[in-house]
Amino acid sequence: MLGRALAGLAAVAAGLPVFIYDEVTLHALLEGPGAPEVSFPPGLVYQYRRVMDSERLGKMTKILHPDHDYAPFQIAAGLRTTLLGDSRFELVKNVDDAEIVIVAIWELGFCNVTSIKTVVFETHMGLRAEYEFCPVMVKVYENLVATPRFRRRNGTDYVINSEFVGFKSYSMTKRTLSYVAPDFSPTYFMPAALYENAIFLQVEDIRSLEQRRKSRTLLVPYYIPQSKWQIPPADVARKDSLVGYAGSVITLVGNLCDACKTAWEPSLVRKSVLDQLKCGCARTEDVDCILVNFDEFTDEHGRHDRDKLEAKLPQHPAVIMKTSIFCPSPRGDTASTRRLFGAIQALCIPVVISDALELPFPDQFPWDDMIVSFPERSVLTDQIDVFEALYNITDEEVRYKQSLLLQHRDKLLFDHSGVGHATRHILTEILNYARDLDEEDDDDVQPGSALTPARS
């Protein structure tokens with residue numbers, strides 16, 4: 001064990017050897033030694049490369065909304081370029097020479113080449129695509145776990161860029177699972193060895209601790225288009241609204257998060273927050289508030305398509321945040337929301353009411369000083385009045401939090417091609433995990449135990 005740890009630390013000192021599966025090396029996983037014989041569509045890798053190149057240039061709008069919040073594409077698009085420019089890593093050509101293996105495939109784009117029919121359909125991630133399960137992605141993961149390199153440590157040194165971990169169904173389109181291999185859980189759409197052992201890059205982990213087993217999650221920020229959401233530092237002094245909120249209350253899909261299930265529905269949390277803000281703003285003459293309930297702008301089916309919704313709103317959510325001092329971010333279908341990261345770019349202090357929320361890069365950001373947070377139960381039972389609490393925060397504390405937001409907001413950004421400060425911070429998290437992995441005795445971890453992510 002000591003020898004392995006010393007060897008691992010020496011490798012990190014010289015540049016951690018990393019292999020990445022992406023559109024450049026995907027053929028090795030589909031056709032290389034150790035991969036089971038499976039049938040993939042002709043020209044699959046070529047078509048996937050075209051999708052990635054088109055999206056990097058912003059030319060393919062049938063998959064990604066122009067104002068999307070979709071981090072998995074950004075990670076898949078920019079990780080190789082960022083790795084090549086980072087002296088802490090050595091990008092190796094042979095997977096067997098790697099200490100860490102990163103699977104940086106954009107699942108939705110990859111599946112789009114083969115099976116997903118893209119239509120204009122609003123999801124909570126800003127995509128122009130219906131969710132439909134992808135048999136080809138299942139086969140890729142099947143091949144992955146069958147390789148000798150994966151079995152070396154049973155996947156604990158594999159980092160997976162996956163948006164579907166933990167989703168049990170796609171209820172918004174009522175699709176059913178179309179392919180289940182014998183060793184797959186029909187609930188989680190990937191081999192148990194991968195689901196229970198790998199490291200996942202996600203904006204949040206909606207699984208319960210029991211479901212996570214030995215796997216871990218390195219949290220990443222939502223993608224926020226800088227040009228649309230970020231304000232110049234000088235504009236902070238011109239903010240004229242105490243509170244700005246734009247979001248749904250009733251028209252949520254429901255509680256999709258096993259990790260944050262409580263006795264109350266997320267719509268109750270949001271309703272309590274909005275009611276308190278409305279009452280406080282109405283009775284306080286010297287305060288301006290901008291409160292927009294998306295439920296008032298639904299279509300005849302009780303839904304709101306993002307494009308059509310924004311055309312109906314009196315102000316775009318980004319404009320509301322840019323002119324507000326505080327931006328409430330109550331939990332929705334899951335613990336996290338993109339509005340929190342939009343607020344940070346707009347230098348609007350996030351007000352978090354989400355007990356299970358985990359934030360990215362916890363060792364690199366002073367989150368407690370950057371945001372305001374209240375327990376869900378205290379808001380629901382009116383032990384805390386959100387408006388009164390925000391109204392009583394001193395100007396000095398407001399300026400301090402805004403200065404921290406300004407100092408750190410660029411670190412949460414990807415550019416459109418995926419390169420940016422956020423990608424580099426993701427690599428820092430991976431490097432920290434690799435160091436912890438060398439110090440860990442795998443035999444001490446019992447199957448089914450819940451692990452707290454070492455540095456995430």
Sort out for me the helices (runs of 4 or more DSSP H) sitting completely within the range 1-95 that have 1 or more residues that are modelled with pLDDT under 75 and in contact with a helix residue (DSSP H, G or I) (Cβ under 6 Å, 6 or more places away or on another chain). 2-14
Look through I250, I290 and report the one residue that is of a type in the set (V, I, T), outside any strand (DSSP E or B) and at pLDDT 75 or above. I250
Going through the range 309-344 in order, the residues found to be farther than 14 Å from I371 by Cβ and among the polar types (S, T, N, Q) are Q315, T323, S324, T334
Out of all the residues in the range 262-287, which are at pLDDT 70 or above and part of a loop (DSSP other than H, G, I, E, B)? W264, E265, T284, E285, D286, V287
Can you tell me which residue is nearest to D275 (Cα to Cα) among those in the range 324-368 that are in contact (Cβ under 8 Å) with a residue 12 or more places away in the chain and of a type in the set (F, W, Y)? F326
Selected residue (only one of R216, R212 is modelled with pLDDT under 85 and either at negative phi or open to solvent by 30 Å² or more (accessible area, probe 1.4 Å) (or both)): R212
In the range 374-415, how many residues are closer than 18 Å to D355 by Cβ, among the polar types (S, T, N, Q) and either assigned to a helix (DSSP H, G or I) or within 20 Å of the chain's Cα centre (by Cα) (or both)? 1
Which condition breaks for L380 when tested against (1) in contact with a helix residue (DSSP H, G or I) (Cβ under 9 Å, 6 or more places away or on another chain); (2) open to solvent by less than 20 Å² (accessible area, probe 1.4 Å); (3) in contact (Cβ under 8 Å) with a residue 40 or more places away in the chain; (4) not β-branched (V, I, T)? (2)
In the range 220-241, which residue that is surrounded by fewer than 22 Cβ atoms within 10 Å (Cβ to Cβ) and among the aliphatic types (A, V, I, L, M) is nearest to H408 (Cα to Cα)? I231
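The values are calculated or read from the model by the stated rules, or taken from the named source; none is laboratory data. None of these values were measured; they are calculated from a predicted model. Positions of Cβ are generated from backbone atoms using ideal geometry, with glycine treated the same way; all protein chains shown enter the neighbour counts. Keep in mind that these areas ignore ligands, DNA and RNA; they rest on the heavy atoms of the full protein, side chains included. Shrake-Rupley method; radii C 1.70, N 1.55, O 1.52, S 1.80 Å.
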